[in-house]
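Down below is the structure, laid out as structure tokens.
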Protein chains: 2
Amino acid sequence: MLKIELAKSYGFCFGVKRAIKIAENSKNASTIGELIHNSLEIDRLKKNFNVKTLKDINELKDEKKAIIRTHGITKDGLANLKSRGIKIIDATCPFVTKPQQIVEKMSNEGYEIIFFGDINHPEVKGVMSYASTKVHVILDESELDNIRLASKVAVVSQTTKKIEKFMQIVNYLMQRVKEVRVFNTICNATLENQEAVRELSSRADVMIIIGGKNSSNTKQLYLISKKLCEDSYLVESGDEIEQIWFKDKKLCGISAGASTPDWIIEKVVDKINNLNSNI
Amino acid sequence: MLKIELAKSYGFCFGVKRAIKIAENSKNASTIGELIHNSLEIDRLKKNFNVKTLKDINELKDEKKAIIRTHGITKDGLANLKSRGIKIIDATCPFVTKPQQIVEKMSNEGYEIIFFGDINHPEVKGVMSYASTKVHVILDESELDNIRLASKVAVVSQTTKKIEKFMQIVNYLMQRVKEVRVFNTICNATLENQEAVRELSSRADVMIIIGGKNSSNTKQLYLISKKLCEDSYLVESGDEIEQIWFKDKKLCGISAGASTPDWIIEKVVDKINNLNSNI
């Protein structure tokens with residue numbers, strides 16, 4: 001009898017899963033901007049729960065409930081919603097709320113803020129809006145070369161940035177500034193999925209990785225799995241699954257890329273179960 | 001007419017120069033441990049100012065005045081002196097007082113301390129004594145591998161350590177700890193002497209670098225100078241100076257290694273002036 005086991009961490013990250021659950025529980029509400037970066041999911045939420053997506057705060061008219069998306073919102077935007085008496089449903093990822101709080105606190109303590117991130121990203125705009133001291137949003141330390149810095153700075157990162165570059169920025173600052181207060185706000189979701197595949201594929205007979213064939217994080221999961229479990233397969237949906245893969249196997253491990261919704265994963269699991277109950 | 005110009009920074013560092021001046025103004029006092037790491041200077045202070053050197057606090061008997069050396073003293077040691085009514089003359093290098101204050105403050109704010117330094121060095125013993133929370137004194141980040149760390153730590157360095165290793169330690173901590181509060185307490189005295197030689201030798205016709213021929217920091221100064229000023233000479237004393245070096249020269253630049261006392265430098269300057277007034 002084949003046993004199916006899901007990796008300890010897979011697919012959508014914690015913040016995205018949480019936001020979807022919040023949206024499902026908020027029928028007829030509107031989100032300010034796309035809830036998450038996944039159009040399939042946004043269509044499903046519209047169809048099944050009548051959760052609409054507004055471009056921005058200006059599109060709000062008769063709405064009584066507004067969902068704040070995973071990226072968060074600016075401080076002013078939030079105040080605007082509140083002043084209009086709109087009920088706020090906060091689906092901001094807790095890993096994004098954290099840098100917002102840090103930036104606000106550090107500004108209040110008089111620290112100049114160095115923010116490692118993309119100035120055009122909605123998450124960064126939201127976090128930055130909580131600063132009352134000077135903020136430098138940078139992608140590379142060289143952008144600070146010609147800038148006079150305060151003697152104490154706090155450094156914060158966009159949640160999806162790479163730690164290696166963050167370290168370079170901190171090293172640069174250590175040489176220029178007396179006190180550097182480093183907050184590692186990088187989220188490890190991608191790394192956690194990889195770590196979980198590593199663990200599961202070392203025990204499984206067969207591994208199914210679900211995700212887009214051109215999704216780089218999915219391919220990464222597949223490569224890790226293949227190293228530790230020879231019988232590893234990368235599929236986009238249940239249609240690709242073949243019965244022969246499971247012959248004489250005892251443990252089938254399953255993981256999925258960061259853009260794979262749970263309902264696709266569930267369909268794959270059902271398919272494997274069906275195939276094996278027919279043996 | 002030859003003009004002589006001293007580098008903007010040369011020889012003994014700021015803290016050592018300051019301690020010597022304090023000792024010269026404290027006739028008949030005793031220092032707790034060697035005032036600085038230079039026996040020639042310690043002999044001179046004894047001979048000219050009757051400043052004695054005690055091994056440690058236990059050797060104090062009838063003394064009424066105690067000089068705290070550049071490395072500082074432990075908090076308990078200081079309290080002991082005070083309780084005995086001994087007049088304290090503090091020659092602790094201000095760059096050492098700073099990490100003492102930081103460690104005390106960070107401990108009071110609940111941070112665990114990571115101290116980059118040599119646990120046997122008197123400076124480190126002094127600084128550590130100001131901690132009330134846990135302190136980890138390390139020379140390499142790997143020493144922390146099997147140690148559970150608090151979620152917020154403050155990192156401080158011994159003044160004479162290299163920044164490159166300090167950065168490695170901070171990079172390591174960023175991956176393990178949510179908040180890393182970095183205080184760059186490394187003193188740039190050596191680098192400042194190098195920077196000053198670079199500036200002066202780019203303008204001078206002839207450069208004299210004074211210091212031990214086997215002193216690595218002196219040789220470093222000489223090499224920098226030689227690159228920018230072909231006529232650069234490394235001498236241990238005025239005896240080695242030759243008149244021909246200054247023929248048709250307009251600007252003679254002078255620097256000295258970190259272990260060269262001012263009075264040796266003055267003798268060299270006098271010698272150059274004498275040689276050139278005879279032309």
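Bear in mind that the values in this text are calculations on the coordinates, not laboratory data. No experiment lies behind these values; they were computed from the predicted model shown. Don't worry about glycine lacking a Cβ; one is built from the backbone with ideal geometry, like all the others, and counts go over all protein chains shown.
Taking the charge dipole of chain A about its Cα centre, with +1 at Lys and Arg Cβ atoms and -1 at Asp and Glu Cβ atoms, the residue from A:L139, A:Y233, A:F49 reaching farthest to the positive side is A:F49.
Given R0 = 56 Å, the distance between the Cβ atoms of B:N274 and B:E164 translates into a calculated FRET efficiency of 0.80.
Taking GluC sites (Glu not before Pro) across segment B:63-125, the ones in a DSSP loop with at most 16 further Cβ atoms lying within 10 angstrom of their Cβ are B:E109. Put the Cα centre of segment B:230-248 next to the Cα centre of segment A:88-150 and the gap is 56 Å. Taking a ≥ b ≥ c as the square roots of the Cα gyration tensor eigenvalues, with a/c under 1.5 meaning rounded and otherwise prolate when a/b beats b/c, else oblate, which class fits the protein assembly as shown? The shape class here is prolate. Rounded, prolate or oblate: which fits segment A:202-257, taking a ≥ b ≥ c as square roots of the Cα gyration tensor eigenvalues, rounded meaning a/c under 1.5, else prolate when a/b beats b/c? Judged from the Cα gyration tensor, segment A:202-257 comes out oblate (a/c at least 1.5, b/c at or above a/b). Residues B:H136, A:H71 in ascending order of nearby Cβ atoms (within 10 Å, fewest first): B:H136, A:H71. Sorted from nearest, the other copies put their A:N273 label points 9.7 nm away, the label point being 7 Å from Cα in the direction of Cβ. Charge tally for A:I20 (other residues, Cβ to Cβ under 13 Å; Lys, Arg +1; Asp, Glu -1): +1. Distance to the B-onto-A rotation axis is smallest for one chain B Cβ; residue and value in angstrom are B:R181, 2. Structural size metrics of chain B, computed from C-alpha coordinates, are Rg and Dmax of 22.1, 71 Å. Go ahead and run the numbers for FRET between A:D118 and B:K227, Cβ-Cβ distance against an R0 of 51 Å, rounding to 0.05. Efficiency computed from Cβ-Cβ geometry: 0.75. Placing a label point 7 Å from Cα along the Cα-to-Cβ direction at A:S202 gives distances to the equivalent points in the other copies of 5.5 nm, listed shortest first. When only the Cβ of Lys, Arg, Asp and Glu is charged (+1, +1, -1, -1), the dipole of the protein assembly as shown relative to its Cα centre reaches about 1420 debye. The magnitude of the dipole of segment A:55-148, with charges of +1 and -1 set on the Cβ of Lys/Arg and Asp/Glu and taken from the Cα centre, is near 660 debye. Peptide packing: for A:139-151, A:255-267, the average count of neighbouring Cβ atoms within 10 Å per residue gives the ranking A:255-267, A:139-151, highest mean first. Pairs exceeding a 26 Å alpha-carbon distance, out of B:K17/B:K249; A:K178/B:K17; A:K17/A:K52; A:K125/A:K161; A:K98/A:K162; B:K98/B:K267: B:K17/B:K249; B:K98/B:K267. Each of A:N25, A:T92, A:G77 was placed along the dipole of segment A:14-92 (beta-carbon charges, centred on the mean Cα), and the one lying farthest toward the positive end is A:N25. Over segment B:225-279, the ratio between the Cα radius of gyration and 2.2 N^0.38 Å evaluates to 1.13. For segment B:165-237, GluC sites (Glu not before Pro) are listed when DSSP marks them as loop and at most 13 other Cβ atoms sit within 10 Å of their Cβ; the list is B:E230.
Estimated from the Cβ-Cβ distance and a Förster radius of 35 angstrom, the FRET efficiency linking B:K3 and A:D140 is about 0.20. Each copy carries B:E59; placing its label point 7 Å along the C-beta direction from Cα gives inter-copy distances of 8.1 nm, listed from smallest up. Under 5 Å from the amide H of A:H136 lie the amide H atoms of A:I113, A:I114, A:F115, each residue being 5 or more positions distant or on a separate chain, with H modelled from the backbone and absent for Pro and chain starts. Shape class of segment A:95-182 from the Cα gyration tensor (axes a ≥ b ≥ c, square roots of the eigenvalues): oblate, since a/c reaches 1.5 or more and a/b does not exceed b/c.
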